[in-house]
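Derivation of every value follows stated rules applied to the coordinates shown; laboratory data play no part. Just so we're clear, the structure is a prediction, and the values are computed from it rather than from any experiment. Positions of Cβ are backbone-derived with ideal geometry, glycine not excepted, and every protein chain shown enters the neighbour counts.
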Amino acid sequence: MSELVINDLHASIETDAGDKEILRGVTLSVESGRTHAVMGPNGSGKSTLAYVIAGHPKYQVTSGSITLDGEDVLAMSVDERARAGLFLAMQYPVEVPGVSVSNFLRTSVTAVKGEAPKLRTWVKEMKEAMADLQMDPAFAERSVNEGFSGGEKKRHEILQLALLRPKFAILDETDSGLDVDALRIVAEGVNRYRESSGAGTLLITHYTRILRYITPDVVHVFVDGRIVESGGADLAEVLETEGYERFITAAQPA
Amino acid sequence: MTIAPPHDLAPRVASFDPDSFGVPTGRELEWRFAPLDVLKPFFSLDPEAGTVTGISTSEFVANVPIESVASTWTPTDLTGALARSGARSAVVIDIPREARVDEPVVVRLEASSSFAYQHVEITAGAFSSARIVIEANTVADISGAIVINVADGAELTLLMVVDGPKEHRLVAHLPATVGRDARFTACTVTLGGRAVRLLPSVHYRSSGGSAELLGVFLAEGEQFFEQRIFVEHEQPHCTSNVIYKGALSGALAHTVWIGDVLVRREAIGTQTYEMNRNLLLSDGPRADSVPNLELETGDVVSAGHASATGRFDDEQLFYLQSRGIPAELARQLVVRGFFADVLGRLGMPAWRDTMMQRISARLGMADEESDDA
Ligand SMILES: Nc1ncnc2c1ncn2[C@@H]1O[C@H](COP(=O)(O)OP(=O)(O)OP(=O)(O)O)[C@@H](O)[C@H]1O
Ligand SMILES: [Mg+2]
């Protein structure tokens, strides 16, 4: 049993006009086996939260804490966080020209597991994981994310989830840019991983449609850099019909 | 001696007589980036200089007295003219007419003393097809030329590897003549040496020729690498593609890339593209990159150039690190990836992998397996 605990987290980004605070007191804990959905309007800071958990250097944490089973995540480098069991499926995965998917995956798995997987079993494992996500084996020889469509990038992120087997998965808009079929394939991939690993999941999304495939235990409404309301799966239904307006108004400073 | 009109990209003077060229002062366009103090021994004739021989198991390689070589090339600067008058022997690589040589012809150049003049003369006979690898180890100071003739309908790929210690100097002209419908691909990989100045050039003898000039270089410490490319399209319907990529680290590293492409009035239907990208791996190194494209005719299929020098992409590093890959390894992966497409164009997978391993070794990266394992 593991726990990811975020407490009163404040973070800002440096802009030409000075520091801009984006996270304004986020408090949230996720336990193994549980799935939390974080839903909020554009620009509310959802990706910022995901990046800060992963350790992106462009954000400064000004106060608050993140711990993984009591260990201080904020004190870890980006790669240490991944090796400690955190995984971020990015909203906009980065292209890395000239680095093949197979080389990238094997290097990552080697880094996270601490030893290189045996070549023969590894190739089989990679092929199976790709087949599960209905990815053409030819992707293994292509450069990481280069020229991938939006949907292919998202499948590639979930492929990494399946191979790296983290304790906690943060999925940032994994549903965006997917057509209905691709959404189902990707959601099934996430569900397969959740069920087989018992990992905790933080599912960041703008729309409710992915929640038809992946049922959250808790739904958080995220507005203007903080969680303004939390509830069960039914809270997503409310958002589906009413939108974010009520929460946006409520979040406005008096 | 011939003298070209003043403001065009072509070399102004071509002559075997060293006295036709002044000693560089640093004010000349073609010398303004080079460390003249480091290259000083290359500016006067050294009667004691040694010779360079080609070591190879190939039947197509021979070492002969320089007098027996009828070279098509006339030197275009002082170092070229001095090396030509100082060289006593030549390495001749002769691919016979219509020969199909499957295995790459590998030649290691070896100097007989710490300073040597070199002359290599490569001929790919009509309709032949071959690949040649020249290993130029930087274990002596060497000045000279590698002259390349690609006859009509021939296909030649030349890989030149400059690797070794970081103390020595190399100046090499690489003039190529490309025949009718011939295809020439050259790639220089520059890793070793204190100062390396390479001057590849391409001339077309007839229409339909194509030339691809590729280069990768990795400059560290106080290494100086200069690559001065000159492609002259004087025939119709020829193609040139020039792609150089460099990585630099350390405050004193300095690279220069000059891409001069001249499309003459008669060269209608030309397709030309040139590109140089440099990746700065640390603060401080200097990468000069100057593409010059001069069109005397507008009747071309395409003509383009690009040049960019940038720092490491932090988003790429973040992405790799967020998958558990330590920062140093992530940087090495990105650098290897940066070079991969250029080396991939060679069409020599085994040598591409060998070059990747040498680059990795330079970057301090253990490399048990190739990229496509
Ligand atoms: N480099 C930057 N400079 C200034 N502001 C920035 C920068 N990066 C992000 N922001 C701002 O931070 C806020 C939060 O952005 P973030 O990407 O976290 O939102 P989001 O909730 O993920 O939005 P979306 O639903 O569009 O993905 C936005 O107002 C955005 O404009
Ligand atoms: Mg976002």
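What you get for the protein assembly as shown, charging only the Cβ of Lys and Arg (+1) and of Asp and Glu (-1), is a dipole of about 500 debye around the Cα centre.
In this structure, the amide hydrogen of residue B:113, modeled 1.01 Å from its nitrogen in the peptide plane, lies closer than 5 angstrom to those of B:50, B:51, counting only residues at least 5 positions away or on a different chain. Against chain B, whose longest principal axis comes from its Cα atoms, helix B:349-362 is set at around 60 degrees.
For segment B:2-311, the equivalent ellipsoid built from the Cα gyration tensor has semi-axes of 26, 25, 20 Å, listed from largest to smallest. What net charge do the residues around residue B:106 carry, taking every other residue with its C-beta under 12 Å from that of residue B:106, with Lys and Arg at +1 and Asp and Glu at -1? Local charge sum for residue B:106: 0. When the charge dipole of segment B:263-373 is built from unit charges on Cβ atoms (+1 for Lys and Arg, -1 for Asp and Glu) and taken about the Cα centre, the candidate among B:292, B:275, B:342 whose Cα reaches farthest toward its positive end is B:292. What are the lysines whose alpha-carbon lies under 23 Å from the alpha-carbon of residue B:40, with same-chain residues fewer than 8 places away excluded? Result set, ordered by chain and number: B:166. Length available on full extension from residue A:27 to residue A:8: 0.36 nm per residue minus the Cα-Cα distance, which gives 6.3 nm. Each peptide in B:22-35, B:281-294, A:201-214 receives the mean, over its residues, of other Cβ atoms within 10 Å, and ordering these scores from highest gives A:201-214, B:281-294, B:22-35.
Estimated purely from DSSP H runs of n ≥ 4, each contributing -39500 (n - 2.57), the mean residue ellipticity at 222 nm for the protein assembly as shown is -7000 deg cm²/dmol once divided by its residues.
Inter-chain Cβ neighbour count for A:100-112, averaged per residue, equals 4 (cutoff 10 Å, partner chain atoms only).
Find out how many positive minus negative residues lie around residue A:237, taking Lys and Arg as positive, Asp and Glu as negative, among other residues whose Cβ is under 13 Å from that of residue A:237.
Net charge around residue A:237: -1.
Principal-axis analysis of the Cα atoms of chain A puts helix A:101-113 at an angle of about 70° to the longest axis.
Placing a label point 7 Å from the Cα of residue A:123 along the Cα-to-Cβ direction, the residues of segment B:341-361 whose backbone N falls under 19 Å from that point are B:349-350, B:353. Could you tell me which of the pairs A:118/A:167; A:58/A:153; A:124/B:245; A:127/A:167; A:46/A:154; A:124/A:167 are separated by over 27 angstrom between their Cα atoms in the structure shown? Where the Cα-Cα span goes over 27 Å, the pairs concerned are A:124/B:245. Look at the alpha carbon pairs under 8 Å that are at least 6 residues apart: their mean separation over the length of chain B gives a relative contact order of 10 percent. Compared with the dominant Cα axis of chain B, that is its longest principal axis, helix B:327-344 is turned about 30°.
Reducing segment B:175-204 and segment A:87-113 to their Cα centroids gives an inter-centroid distance of 36 Å.
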